[in-house]
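Since the structure comes first, as structure tokens, the remarks are kept for the end.
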Amino acid sequence: MTTILIGYARCSTDRQDLAAQRAALEALGVEPDRIYTDHGLTGTNRSRPGLDQALAATRTGDTLVVPKLDRLARSVPDARAIADALVARGVRLALGGSVYDPADPMGKMFFNVLATFAEFESDLIRLRTKEGMAIARSRGKLRGKQPKLSAKQQREVRRMHGAGEHTIGDLADLFSVSRPTIYRTLERSLPEG
């Protein structure tokens, strides 16, 4: 039985590039057409279509290869669940050039330490982001998501809806926004001016 290497790469934001991870996977022997990716999805988000496809592509005797553990998961429970599911199916997990062996106590400890560091790193990033947002908010630099319609447009939506001239769908079409945007506009109190 031939072992097939299945690769998985992930980057958290749309601004990041997967090229380095793809190159690392290819250097580890993964064929380019056997590399599955998720772009713009965090490791804490368990809904990752690329990972689901990579896991579905693996068969007994195959090896799932990831450049680093933090690309696979950002929490210890998630990493543990993925690794345990792979072991149960007879699929090996390679972290970079090292194959994880759950039967080896040192390998198991090393995996758990890596997963703990990945989770710690994720928590630090989240903490720094919250701190940065709080500082920006205190300086008036972070105002949140702005309404899609200007104050003048919002007043006009309210006027037209109040007059009974148009349905919610008509207003959405007229102002080129979604129906939920019209509903939110009607519920929101308008800024004066």
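The values are calculated or read from the model by the stated rules, or taken from the named source; none is laboratory data. Just so you know, these numbers come straight off a predicted model, no measurement behind them. Don't worry about glycine lacking a Cβ; one is built from the backbone with ideal geometry, like all the others, and counts go over all protein chains shown.
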> Quick check: anything in segment 131-143 buried (at least 17 other Cβ atoms within 10 Å of the Cβ), out of contact with any strand residue (DSSP E or B) (no Cβ under 8 Å at 6 or more places or on another chain) and of a type outside the set (Lys, Arg)?
Replying inline: no
> Would it be correct to say that Arg179 is more than 29 Å from the chain's Cα centre (by Cα), at pLDDT 80 or above, not assigned by TED's automatic domain parsing to the domain that holds Ser75 and not aliphatic (A, V, I, L, M)?
Replying inline: no
> When only residues in segment 94-104 that are outside any strand (DSSP E or B) and touching a residue at least 12 places away in the same chain (Cβ under 8 Å) count, which is surrounded by the fewest Cβ atoms within 10 Å (Cβ to Cβ)?
Replying inline: Gly97
>> With the structure loaded, tell me whether Thr63 is among the hydroxyl-bearing types (Ser, Thr, Tyr), surrounded by 15 or more Cβ atoms within 10 Å (Cβ to Cβ) and out of contact with any Cys (no Cβ under 9 Å at 6 or more places or on another chain) or whether it fails that test.
In response: yes
> Residues that are touching a residue at least 24 places away in the same chain (Cβ under 8 Å) and closer than 17 Å to Leu28 by Cα: which helices (runs of 4 or more DSSP H) entirely in segment 42-93 hold 1 or more of them?
Replying inline: 49-57, 69-72
> Which numbered condition trips up Glu131, out of (1) outside the structural domain of Glu26 (by TED's automatic domain parsing); (2) acidic (Asp, Glu); (3) more than 22 Å from the chain's Cα centre (by Cα)?
Replying inline: (3)
> If you go through segment 60-67 one residue at a time, do you hit one that is within 18 Å of the chain's Cα centre (by Cα), at pLDDT 90 or above and of a type in the set (D, E, K, R)?
Replying inline: no
> Can you find a residue in segment 101-120 that is under 17 Å from Cys11 (Cα atoms) and among the charged types (D, E, K, R)?
Replying inline: yes
